[in-house]
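See below for the structure under consideration.
The values are calculated or read from the model by the stated rules, or taken from the named source; none is laboratory data. Predicted model only: the values in this text are computed from it and were never measured. Every residue, glycine among them, receives a Cβ derived from its backbone with ideal geometry; neighbour counts consider all protein chains shown.
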Amino acid sequence: MVEYAVDFKNVHKAFGKQVVLNDVSCRIEKGKTTVIVGPSGTGKSVFLKLLVGLLKPDSGSILVDGRDITQLKKSELFEVRKKFGMLFQDGALFDSLDVAENIAFPLRRHTRLKNKEIMKIVEDKLDQVGLPGIQHKLPSELSGGMRKRVGLARALALDPEIILFDEPNSGLDPVMSDAIDKLIIRTKEHTKSTFIVISHDIPGTFQIADHIIMLYKSQVIAAGTCEEIQNSTHPVLVQFFSRNSDIPIDQNYVTGKLDLRPYVTGELAGEDAD
Amino acid sequence: MKQVEKVLVGLGELGFFAGRMFRSLFSAWPDPQLVLLHMYKIGVETLPVLIAVCVFVGTNIALVGYHIFKSFGGQQFLGAYVGLSCVRELAPILTGAMMAAKPGTDISATIATMRVKEQIDALEVMSVDPFQFLIVPRLIAFIFAAPLLVLFGAFFSVAAGYFVAVYQLHLNSGQFLNDVRNYVLLQDVFNGMLKGGLFAIVGCVLSCFFGFYSQPGPKGVSRAINLSVVTIASFIVIFNFFLTAAIYG
C-alpha cells in the first residue's frame, strides 16, 4: 500500500486580494522525490512555507505523517518540524558561524551529543556533499554552489524524514546545476527520506523526479510520474516543458504575440497584466 | 486616514511583538553562552564610546554651569549642579542614546539581514524559536548592561566636570566633592540606573521589532536601522520627561 508523507487537502491561501493557492489538493508519496514545478508566482514557495508551518492556510488541512499541522500548537509544530530538513534558495547559512558550526547548529540544539561526535557528523555530512575539509570557512568565503551544498549538509544533519529543496538550481551555472541534481540523486540513494523539490529547471526535474506536481494559476493542474507528465497533451504542460513563450497556453489570451498574462496568478489572472 | 490606520496597525504589531518577547523571556531558560556573548557585545563594546561622550558632556556642563552660576555668585554650587544633572539626567539619556546607536543598530541590521536572507525561516524550520535564540539573550543583556553603563557614564561625566572645575576654572576641589556628596543621593543614582534600564528595554524592543519586520532587500535593512535609531532617540527624550516628572515631581 502506498504511504503518503504529506497530504494537502483543499488548501487555500491568499495575501489580501491576491490568491496564491486556490483549493489545492495533492499527496506526496513517502520515500520518493516529488518535484513541484510551475511558472513564477504560482505559489510554489508558499506551498513549501505552508508545509513547514511558516505560514498558515486560510482554509484546508495539511497532513504530515497523518497529523494536521494547521491545528498544532507551537510546541507541537516544533516537534513535527524535526522531521524536516530544508535547503533554502541561498542556503540561509548563518553568517557569523563557520561551516562546521552551521552544520552542527541543529545537532547542538536538539541532541545531547558530545562535541567530538558532533564534529564527526559534520565531517561525514561534508564528505557526503562533496566538500571535505572546509569546516573552518565562513559562508562569505563560499561560492553560491558551495553555500547550497553546505545548506544541504545542514539539512541532512539530523537525518530528517522529509527533505525540502527550494529551487536548488537557482543562480547556478549549468554544470553546477547538474552537480546539485546529481548530489540530490546520490543523497536520495543514501537515505530513505522523502524529497520535495521546488524547481524551474526542466532537465533537472526529469533527472531527479519520481513524481511531478504542476502548479498553475494557484492550482494543481497535473500530478503524475515523469512519463505521465512528459506524455501529457495539456497545453500548459506542453508549453512549460518545451520552454516556449510563443505558444499561447491559454485560449482566452490568444494574441499572436508574446503573452505573459497567464503567468499572473490568482484573481489578477483574469485582468490585464499591465 | 490610511496613514493613521497604518500607525495604529504598527502600534498593535509592536504590542504583540513586545508581549511575545516578554512571554519568551519567562518561558524557557536562555542559552547562558549567548547571554554572555551579547552582554560583552552590548556592555563592553558600548563602554568606550559612552565614556568618550560622557566625558565631553561632563566638561561642557561644568563650563556652561560655571558661567551661569558665576553671574549671580553661586559658583560654589557647581558640584551639585554637575552631579545632579549628570547622575539624574545625562548619564541615563546618553546611555540610552549610545545603546540605540551602537548595539541597537547592530541588532536591527543583524535581524533584518537574517530575515532578508531567510535565516530566521531557517531557524524556525530547525525547530528553534527565533525569539528564544535571537531576541531573549539580547534583551537580558540589555537589562543587565544598561544600569551598569549608566553608573560608568555618571562617574565619568562627573569626574570630567570635576577636572574642568578644579584645573581649568580653579574652583576648590574639596568644595566640589562635598557638594556632590551632599546633594547627590544614593536614590538619585538608583533612579538614574532605573531610567537607563527602562530606556534600554524599550530600545531593545524597538530595534528587535524593526529588524524582525524589515521589508525585503537592502532598502528594507537600511529602513529598519533608520527607524530603530530615530524612534528610540525620540522615545528616550519624551519618555525621560515623564519619568523625571514621575520621580521628582
>> Residue pairs, Cβ under 6 Å, 6 or more apart or interchain, first in the range A:87-112 and without any contact (Cβ under 8 Å) to a residue 40 or more places away in the chain, second surrounded by 15 or more Cβ atoms within 10 Å (Cβ to Cβ) and not charged (D, E, K, R). List them.
In response: A:ALA100/A:VAL122; A:ALA100/A:GLN135; A:ARG109/B:VAL128
> Out of the range B:113-123, which residues are assigned to a loop (DSSP other than H, G, I, E, B) and more than 7 Å from chain A (Cβ to nearest Cβ)?
Replying inline: none
> Mind checking which residues of the range A:33-74 are away from chain B (no Cβ under 14 Å), among the basic types (Lys, Arg) and surrounded by fewer than 18 Cβ atoms within 10 Å (Cβ to Cβ)?
Replying inline: A:ARG67
>> Can you find, within the range A:157-198, the residue that is farthest from the chain's Cα centre (by Cα) among those that are under 14 Å from A:PHE88 (Cβ atoms) and small (Gly, Ala, Ser)?
In response: A:GLY171
> What tally of residues in the range A:225-260 results from selecting those that are at pLDDT 80 or above, part of a loop (DSSP other than H, G, I, E, B) and surrounded by fewer than 12 Cβ atoms within 10 Å (Cβ to Cβ)?
Replying inline: 2
> Does B:ARG88 qualify as being loosely packed, with under 12 Cβ neighbours inside 10 Å, part of a helix (DSSP H, G or I) and in contact with a helix residue (DSSP H, G or I) (Cβ under 9 Å, 6 or more places away or on another chain)?
Replying inline: no
> So, of the residues in the range A:46-81 that are without any contact (Cβ under 8 Å) to a residue 60 or more places away in the chain and in a strand (DSSP E or B), which turns out to be farthest from A:TYR4 (Cα to Cα)?
Replying inline: A:SER59
> Taking the range B:32-81 on its own, how many of its residues are exposed (fewer than 13 other Cβ atoms within 10 Å of the Cβ) and of a type in the set (Gly, Ala, Ser)?
Replying inline: 3
>> Among the residues in the range A:117-126, are any within 13 Å of another protein chain (Cβ to nearest Cβ), modelled with pLDDT under 95, part of a helix (DSSP H, G or I) and touching a helix residue (DSSP H, G or I) at 6+ places or on another chain (Cβ under 8 Å)?
In response: no
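To keep it simple, each residue is scored yes or no on (1) within 9 Å of another protein chain (Cβ to nearest Cβ); (2) over 16 Å from the mean Cα position of the chain (by Cα); (3) surrounded by 20 or more Cβ atoms within 10 Å (Cβ to Cβ).
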position	(1), (2), (3)
B:ILE111	no, yes, yes
B:VAL125	yes, yes, yes
B:PRO137	no, yes, yes
B:PHE144	no, no, no
B:LEU151	no, no, no
B:ALA159	no, yes, no
B:TYR162	no, yes, yes
>> Any residue that is surrounded by 20 or more Cβ atoms within 10 Å (Cβ to Cβ) and among the β-branched types (Val, Ile, Thr) - is there at least one of those in the range A:106-113?
In response: no
>> Let me spell it out: the conditions are (1) more than 10 Å from chain B (Cβ to nearest Cβ); (2) surrounded by 15 or more Cβ atoms within 10 Å (Cβ to Cβ); (3) in a loop (DSSP other than H, G, I, E, B), and A:PHE94 meets all of them except one. Which number is the exception?
In response: (1)
